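> Here you go, one structure.
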Amino acid sequence: MSKLGLAAQLYTLREQMQTPEGIREGLRRVGEIGYTSVQVSAIGKIEPERLADYCRQYGLTVCATHTPFDEVLNDTEAVAKRHKIIGCPLVGYGYGGPYIDEPTVSSYGKLVEKLNEAGRKLKAYGLRFAYHNHNTEFRRLDNGMTGYDFLIRETDPELVGFILDTYWIQAGGASPVEYIRRLKGRIEVIHFKDMAVDDKHRPQIAEIGGGNLNWHDIIAACEETGVKTAAIEQDVCPRDPFDCLRSSYNYLHGQFGLK
């Protein structure tokens, strides 16, 4: 049996989970599918105590969040308090923002400084910090490196981890398996997201098993490198997002025994 656990990335359900009652119902349905963990991202406002209570009711832990960067840097104590209440050890930063709009060493260098600072501040509270990629980071910088390679090389491994996203790595023209292995010890939570092709030959996000990524090799790489949790995310769903999360769960559970 695999040690890799499955979580639902709640960004998938952002439209359904904008009120406390919507959050409660969403967590209930996620637990009903079989998920035992969630990543908190883009849901509506809710007191952390109430969120923690709902998670307990439905047998869910919180593996990670996506938290605004300015809050992490400027209101670290409050961020830490919320994470402690919901029992979440990993603070995620979801988008490099203006730092990655310009593919230069100078701009990325500023991001590196901020990422290390965020990791240092959170570490003082016993929390870990991780950066989540899109495909933008795979543009070449003015020194010839990809932005992602620059972030890997320049950030402090003791302070900054990575929430690697399988779809966006592939969309950036790189190999998810290669980067999972390269980042051994720096990935605690990974985003599982499949890539399909539409009728106009354009890549599109698909439920797991509905696309063309090599899940056998991806999962093997995760297990080899000690990744703890795969958070299932689908940015755009062509049908009910709960059905998409169920389909992804059923595929990963049925084919690989993940849960």
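The values are calculated or read from the model by the stated rules, or taken from the named source; none is laboratory data. None of the values given here were measured: they were computed from a predicted structure. Note that we place each Cβ from the backbone using ideal geometry, even for glycine, and neighbour counts take in every protein chain shown. The area values use the complete protein model at the heavy-atom level, side chains included, leaving out ligands, DNA and RNA. Shrake-Rupley method; radii C 1.70, N 1.55, O 1.52, S 1.80 Å.
> Exactly one of (1) free of Cβ contacts under 8 Å to residues at least 12 places away in the same chain; (2) in contact with an Asp or Glu (Cβ under 9 Å, 6 or more places away or on another chain) is unmet by GLY144. Its number?
(2)
> Would you call THR65 β-branched (Val, Ile, Thr), under 23 Å from GLN9 (Cβ atoms), at pLDDT 95 or above and open to solvent by 60 Å² or more (accessible area, probe 1.4 Å)? Reasoning before the result, please.
Working: β-branched (Val, Ile, Thr): yes; under 23 Å from GLN9 (Cβ atoms): yes; at pLDDT 95 or above: yes; open to solvent by 60 Å² or more (accessible area, probe 1.4 Å): no.
It is false that THR65 is β-branched (Val, Ile, Thr), under 23 Å from GLN9 (Cβ atoms), at pLDDT 95 or above and open to solvent by 60 Å² or more (accessible area, probe 1.4 Å).
> Of (1) in contact with a Gly (Cβ under 9 Å, 6 or more places away or on another chain); (2) over 20 Å from PHE162 (Cβ atoms), GLU47 satisfies all except one. Which?
For GLU47, the exception is condition (1).
> Right, something else. Suppose we filter the range 244-259 for residues that are out of contact with any strand residue (DSSP E or B) (no Cβ under 8 Å at 6 or more places or on another chain) and over 13 Å from ILE208 (Cβ atoms); how many remain? First the steps, then the outcome.
Here is the first cut: in the range 244-259, the residues out of contact with any strand residue (DSSP E or B) (no Cβ under 8 Å at 6 or more places or on another chain) are 244, 246-247, 250-251, 254-257.
If we keep only those that are over 13 Å from ILE208 (Cβ atoms) as well, we get 257.
Going through the range 244-259 one residue at a time, the tally reaches 1.
> Okay, moving on. Can you tell me which of ALA118, ALA130 is of a type in the set (A, V, I, L, M, F, W, C), open to solvent by less than 70 Å² (accessible area, probe 1.4 Å), at pLDDT 95 or above and not in a helix (DSSP H, G or I)?
On the way: ALA118 fails: not in a helix (DSSP H, G or I).
Result of the check over ALA118, ALA130: ALA130.
> Right, something else. Return the pairs, sorted by first residue and then second, in which the second residue is among the acidic types (Asp, Glu) and outside any helix (DSSP H, G or I), the first residue lies in the range 150-169 and is under 22 Å from ASN214 (Cβ atoms), the beta carbons are less than 7 Å apart, and the residues are 6+ apart or on different chains.
TYR167/ASP194
> Restricting the search to the range 145-171, which residues are more than 17 Å from the chain's Cα centre (by Cα) and of a type in the set (Val, Ile, Thr)?
Across the range 145-171, the qualifying residues are THR146, THR155.
> Still on this structure, please answer the following. Taking the stated definitions as given, is ILE86 at pLDDT 95 or above, out of contact with any strand residue (DSSP E or B) (no Cβ under 9 Å at 6 or more places or on another chain) and surrounded by 16 or more Cβ atoms within 10 Å (Cβ to Cβ)?
Working: at pLDDT 95 or above: yes; out of contact with any strand residue (DSSP E or B) (no Cβ under 9 Å at 6 or more places or on another chain): no; surrounded by 16 or more Cβ atoms within 10 Å (Cβ to Cβ): yes.
No.
> Considering only the range 195-208, state which residues are more than 11 Å from ASP235 (Cα to Cα) and either surrounded by fewer than 19 Cβ atoms within 10 Å (Cβ to Cβ) or among the acidic types (Asp, Glu) (or both). Show your work before the answer.
Looking only at the range 195-208, we keep the residues that are more than 11 Å from ASP235 (Cα to Cα), and these are 195-203, 208.
Answer for the range 195-208, where residues must be more than 11 Å from ASP235 (Cα to Cα) and either surrounded by fewer than 19 Cβ atoms within 10 Å (Cβ to Cβ) or among the acidic types (Asp, Glu) (or both): ALA196, VAL197, ASP198, ASP199, LYS200, HIS201, ARG202, PRO203.
> Is it true that ALA206 is within 21 Å of ARG29 (Cα to Cα) and either touching a Cys at 6+ places or on another chain (Cβ under 8 Å) or among the acidic types (Asp, Glu) (or both)?
Working: within 21 Å of ARG29 (Cα to Cα): yes; either touching a Cys at 6+ places or on another chain (Cβ under 8 Å) or among the acidic types (Asp, Glu) (or both): no.
No: the conditions fail for ALA206.
> Now for a separate question. What is the residue count in the range 102-115 for residues that are surrounded by 21 or more Cβ atoms within 10 Å (Cβ to Cβ) and free of Cβ contacts under 8 Å to residues at least 12 places away in the same chain?
Final tally of qualifying residues: 0.
> Right, here's the next one. Quick one: how many residues across the range 230-248 are open to solvent by 20 Å² or more (accessible area, probe 1.4 Å), of a type outside the set (Lys, Arg) and either over 19 Å from ASN135 (Cβ atoms) or in contact with a His (Cβ under 9 Å, 6 or more places away or on another chain) (or both)? Walk me through it before giving the result.
Applying the first criterion (open to solvent by 20 Å² or more (accessible area, probe 1.4 Å)) to the range 230-248 yields 235-240, 243, 246-247.
Next, from what is left, pick out any that are of a type outside the set (Lys, Arg): 235-238, 240, 243, 247.
Next, only the ones that are either over 19 Å from ASN135 (Cβ atoms) or in contact with a His (Cβ under 9 Å, 6 or more places away or on another chain) (or both) stay: 237-238, 240, 243, 247.
Matching residues across the range 230-248 total 5.
> Kindly evaluate TYR99 against the criterion of being open to solvent by less than 10 Å² (accessible area, probe 1.4 Å), free of Cβ contacts under 8 Å to residues at least 60 places away in the same chain and among the hydroxyl-bearing types (Ser, Thr, Tyr). So that I can check it myself, show each step before the final result.
Numbers: open to solvent by less than 10 Å² (accessible area, probe 1.4 Å): no; free of Cβ contacts under 8 Å to residues at least 60 places away in the same chain: yes; among the hydroxyl-bearing types (Ser, Thr, Tyr): yes.
So TYR99 does not fit the description; no.
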